[in-house]
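Visitor: Here you go, one structure.
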Amino acid sequence: MFISFEGGEGCGKSTHARMLKEYLESSGKEVVLTREPGGTQFGSTIRKMLLDNDLSIEMTTEMFLFCADRVEHVEKVIRPALSEGKIVISDRYIDSTIAYQLGGRALPEDLVRYLNWISSKGLVPDLTFLLDIPVEEGLKRTAERGKTNRFENEILAFHERVREKYLEIAGNNRQRIKVIDTFKGIEETQKEIRGHLPAGRQV
Ligand code: TYD
């Protein structure tokens with residue numbers, strides 16, 4: 001089973017991805033927790049470039065870098081783990097590219113969808129959790145964490161477009177994507193997430 005976590009800045013998906021991993025492991029499952037960008041050794045070099053505040057990167061270059069990161073990630077981490085029967089949880093995946101590069105950056109739709117398809121070789125998660133949070137609240141949380149990255153420093157309108165696009169994709173993929181309102185505290189949110197697991201995955 002392949003699960004992805006998605007959402008805007010400061011939505012808490014890394015925390016929930018980790019909590020879900022621990023929960024599934026406690027019921028005897030083998031789980032690989034990974035992330036994009038940066039799920040491989042090569043990917044962590046790409047990640048540093050992508051998040052570096054001091055680098056000026058063309059939007060199309062940025063898109064290629066996310067996709068290069070994904071090719072490595074899918075080939076070296078995700079597919080091998082799935083073929084060994086493990087559960088894979090990825091902190092961000094293809095929907096991030098749609099939300100950020102198509103929604104946020106407004107790159108041409110055919111380019112974004114085509115590169116997303118090529119880089120993932122058509123591998124779509126079985127289940128995706130979209131952790132939804134109002135933009136200003138999320139950005140407040142990232143600011144409180146300290147140094148902000150190249151994306152977190154984008155203007156409010158960029159983040160609003162990202163959120164809108166996420167909600168649009170979710171509306172078009174109701175079976176796969178579960179929108180989780182994160183306003184109710186960590187434990188309640190995690191409980192809701194677990195409630196969406198297919199029967200047999202819950203303890
Ligand atoms: P990260 O620190 O992982 O963000 P977060 O802490 O919110 O998970 O940084 C990844 C950034 O990269 C994030 O702002 C979203 C962006 N991104 C894209 O723009 N496109 C993509 O395809 C992916 C995977 C991430």
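No value in this document is a laboratory result; all are computed from the given coordinates. Bear in mind the structure is a predicted one, so any value in this text is a computation, not a measurement. When we count neighbours, we look across all protein chains shown, and the Cβ atoms used for this are built from the backbone with ideal geometry, even at glycine.
Visitor: What's the ranking of 4-11, 15-22, 90-97 by average number of surrounding C-beta atoms within 10 Å, highest first?
Guide: 4-11, 90-97, 15-22
Visitor: Compute the relative contact order of the stretch 2-192 as a whole-number percentage, counting only Cα pairs closer than 8 Å that sit 6 or more residues apart in sequence.
Guide: RCO, the stretch 2-192: 33 percent.
Visitor: Taking all pairs of different Cα atoms in the chain, averaging 1/r and flipping that mean, what Kirkwood radius in angstroms comes out?
Guide: Over the chain, the inverse of the mean reciprocal pair distance is 17.2 Å.
Visitor: While we're looking at this one, here's another question. So how much slack lies between residue 71 and residue 148, counting 0.36 nm per residue of separation and subtracting their Cα-Cα distance, in nm?
Guide: Separation in residues times 0.36 nm, less the Cα-Cα distance, equals 25.1 nm.
Visitor: Could you tell me which trypsin sites (Lys or Arg not before Pro) in the stretch 135-203 are loop residues by DSSP with no more than 12 other beta carbons within 10 angstrom of their beta carbon?
Guide: Sparse-neighbourhood loop trypsin sites (Lys or Arg not before Pro): 147, 174, 184.
Visitor: Now for a different question. Does the stretch 76-163 classify as rounded, prolate or oblate by the C-alpha gyration tensor (a ≥ b ≥ c root eigenvalues; a/c under 1.5 gives rounded; else a/b over b/c gives prolate, otherwise oblate)?
Guide: oblate
Visitor: Using the alpha-carbon centroid of each, what span in Å lies between the stretch 169-196 and the stretch 22-99?
Guide: Going from one Cα centre to the other spans 21 Å.
Visitor: Separate question: Name the residue, out of 166, 114, 23, whose mean-square fluctuation peaks in a Gaussian network model built on the chain with Cα pairs under 10 Å.
Guide: 114
Visitor: Which of 149, 172, 116 moves the most in a Gaussian network model of the chain with Cα springs under 10 Å?
Guide: With Cα springs under 10 Å in the chain, the top fluctuation among 149, 172, 116 is at 172.
Visitor: Still on this structure, please answer the following. Please find, in a Gaussian network model of the chain (springs between Cα atoms separated by less than 10 Å), the residue of 183, 129, 158 whose mean-square fluctuation is greatest.
Guide: It is 183.
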